[in-house]
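The values are calculated or read from the model by the stated rules, or taken from the named source; none is laboratory data. As the structure is a prediction and not an experimental result, all values here were calculated from the model. Cβ coordinates were reconstructed from backbone atoms using ideal geometry, including for glycine residues, and neighbour counts include every protein chain displayed.
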Amino acid sequence: MAQSYEERLAALQQEEEKNQEISSDYISKTIKSSLFFDEDSEIDYLASQRFPNDPLASYRYIFIDNDLYYEDPKGDFKKNGVRYSKEFKLPTDAGVLGNFSNKYIYPNIVPAGTFAADLYGGLKGAKEGFKQGLKMVSKSPLPITKNPLVAGLTVLGATAAGGFGGNYLAGGGARAIRELGIEGFYNLPPEEVSAAHKDLLISSGFSAIPFGAGPTRQIINKFTGKEDTLNYLLNLRKGESEIIDEARKLGFELTPAEASAIGTKARSIQHFLNRQADTEKIFNFYNNRNARIREAITNFADGLGNVKATDDIGRVLQEISQKALDEIHAARKARAKVIYDQLENAPERIQFDADSIVKMIDSKLANKRLDPDVKAGLEQYKALMFDADDNLITDLMDMHQRRSGSIGNLIQNASPYTKKVLNDIKIAMTKNMDEASDGVYANARSVYDPTQPNILAYERGIISSMAKLVKDEQSAKALKVLFNPRASESALRTAKTQLQNVDPLAFQEIKKEYFLQTLDDFTKATVDEGLPNFQKFFQTPNAQKMVNSLLEPEETAQLSKLMDLVGRAYSVAKSGSPTQPLAALEKELMSETGNLGASTLKTILATIRLPGRIATGQVGDEIVRNISIKQAESYYKALADVLFDPDASKSIDEAYNYLSELGYLGGQAGARAIGEGVEAITEESQRPYEGQALEREMERRDVDKENLSTQIDNALNTFTPSNIPIVPPATAVTPESMISETILPNPKDRELAERLMNKSGIGGLG
């Protein structure tokens, strides 16, 4: 009867589920088995799963061509009359990817992790040992350690010790995790722990092989105490660390060469490296630093004015400058009023010579060719010399009121020429007033008189100019009026005092705006050139005088430190230096590149080169040259790292850490692969279980063991051979007869006796 579609589908689904179950069981069993280091312990686990009721099932397993087999009546492999099946039989219909994973991935996940831990720990330990070996050699006071051979052996020994220790720690941790994993599903036997430790010691022994620690020219130089350029730059970085740290606190980096004094070798080295082909690292360093320096200057400016933030600096300038003018005028006027009050309140009113002034006016009016405008001005001035009753005013203070009021307004509003004529008359009148008061009136006017030359000069000074420019919407120019390097120190300090008295917070904001605008002005075209020019400007004597006059002492100190560090940042030229010094430096650096490979190749070529083989010689020379170039490029890169990368090397020992990671890992992998191959070749193709399942079972059944031994002893002691030799005496009593049902009725006892007999003979039971 044909199956229906539903039946066929159900059968396929059932088969698929069965295959999945088989595959899942295979993966789980494979991964768990890979946790074991002891083969016998692994077999014990597998036997407990396949034959759960047989404590001696492990003896049913055997290795055949490194594959594990178990006794199976239906097995496809037969040996000595016993059929066996593979323990790890690959699931069917798993697909190409599944078959690959089942065969290669799952069985090796755990061992691969342990192997990686071994290599990682060994590498880290070897590198640290290498460093410590270098340190021991460099710091040892014994002269013998400076011998390259002794030094090399010391470094290699330290590398080996470090590799062993690193592998032991990391690999030990990985193995401990594996053992914990085993305990999660099986009772961890002691022989498994012992096997794991043995494997760890072997692995650590491999890690002690100092692959990748080959000698270099630089290391030998270090051994012998010679300071090459790399060592020189490293020591320089350490020596200039204070200056470098100061710049770093401000937000940008300085190279050791820039931090050092002018004229040092390091500056030439940096200049030389600036001109090499591979400049990406250097370009990025400079480009990034320009942005950092600009930010540092901006931060300085913000620190000046962060107490009061505003976007309208023009309004601030206008308000503070006009307010300063008003307050200064008011203060002067108040001081003068005290003197004027003394004159006003004198017991006797002071009289001055007004008649001579009238005569002076009349004499000028007598000129018939007098300009009409001048004439009108003189007549108005004369009229102001008389009161309402047409009496000449001779009282000093009465005339003072008209002098500072109506007469002053008359002169102020007159035409230029008329103003000059009228002002001459006013000067003469003021002189008479001074003489009449014995100079008291003159003293009052020196304190405050808007028409005095000194007051007019002040109004044309810094503060007044600022106020006028701000009104004309020229706040940028107003800032430059205040921050004028060519202004006198006294004028600058006076302006500072006046503005601070009016609004100290606003003055801080003005200082901030000045530095920001100046920075923008210098960097408007190009930052790369603008920043050095900004620094140079503030290092000029006039600019320093201006800064000292307008800034507070602590602000001046901050700016001075900042400009010094910025100046150092741009102190090494990027190009334009004479060629000859650079050529000499290049020759020196080339001699330090560890050109051992090229030297060796030259010797070989000289040996095989025959006269007339020009082509070979040319090719050989080209090879030598290329090797030298590659070595030089590597060395230049190391120098650039020390100069331009602050994190490239934390110490000299790290910089000279030429232990090749690739060489170490590659050597370790190759050595261990060879070791595994040799072990596989020398391993017996067929080997039975040799574990301790029997011993453990006998220990578990300790009472039965004693009973078993007693029964066998009694049987042997009481046995009486027959007088009729039915069989030869030598075979009348055989070991097999001692494990019969008659002697050992308990089947478990008979099985134990059989196992012991197979191992060491029946006599071993005694």
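At-a-glance table
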quantity: Ala47 in the same structural domain as Leu665 (by TED's automatic domain parsing) and over 16 Å from Arg687 (Cα atoms); calculated: no
quantity: Count of segment 121-137 residues which are surrounded by fewer than 17 Cβ atoms within 10 Å (Cβ to Cβ) and either in contact (Cβ under 8 Å) with a residue 24 or more places away in the chain or at positive phi (or both); calculated: 1
quantity: Selected residue (criterion: surrounded by the most Cβ atoms within 10 Å (Cβ to Cβ)) from residues of segment 538-553 that are assigned to a helix (DSSP H, G or I) and among the hydrophobic types (A, V, I, L, M, F, W, C); calculated: Leu550
quantity: Test: residue in segment 697-705 that is modelled with pLDDT of 60 or more, assigned to a loop (DSSP other than H, G, I, E, B) and under 60 Å from the mean Cα position of the chain (by Cα); calculated: no
quantity: Among residues of segment 24-64, those that are of a type in the set (Ser, Thr, Tyr) and touching a Gly at 6+ places or on another chain (Cβ under 8 Å), counted; calculated: 2
quantity: Test for Asp395: is it touching a residue at least 24 places away in the same chain (Cβ under 8 Å) and either touching a strand residue (DSSP E or B) at 6+ places or on another chain (Cβ under 8 Å) or at positive phi (or both); calculated: yes
quantity: Elements of type strands (runs of 3 or more DSSP E) in segment 23-101, at least 2 residues being of a type in the set (Ser, Thr, Tyr); calculated: 67-71, 82-86
quantity: Residue check, Tyr69 of a type in the set (Ser, Thr, Tyr), exposed (fewer than 15 other Cβ atoms within 10 Å of the Cβ) and either under 30 Å from Tyr168 (Cβ atoms) or without any contact (Cβ under 8 Å) to a residue 24 or more places away in the chain (or both); calculated: no
quantity: Scope segment 242-255; condition in a helix (DSSP H, G or I) and within 17 Å of the chain's Cα centre (by Cα); matching residues; calculated: Ile244, Asp245, Glu246, Ala247, Arg248, Lys249, Leu250
quantity: Segment 167-180 residues that are outside the structural domain of Leu123 (by TED's automatic domain parsing), paired with ones that are at pLDDT 95 or above and not in a helix (DSSP H, G or I) (beta carbon under 8 Å, 6 or more apart); calculated: none
quantity: Test: Gly225 is modelled with pLDDT under 70, more than 21 Å from the chain's Cα centre (by Cα) and over 30 Å from Gly667 (Cα atoms); calculated: yes
quantity: Count - residues of segment 521-542 that are of a type outside the set (Lys, Arg), touching a helix residue (DSSP H, G or I) at 6+ places or on another chain (Cβ under 9 Å) and free of Cβ contacts under 8 Å to residues at least 12 places away in the same chain; calculated: 4
quantity: Selected residue (only one of Thr494, Thr556 is at pLDDT below 85 and either surrounded by fewer than 19 Cβ atoms within 10 Å (Cβ to Cβ) or assigned to a loop (DSSP other than H, G, I, E, B) (or both)); calculated: Thr494
quantity: Selection status of Gln668, modelled with pLDDT under 60 and either over 21 Å from Ala158 (Cα atoms) or not assigned by TED's automatic domain parsing to the domain that holds Ala257 (or both); calculated: no
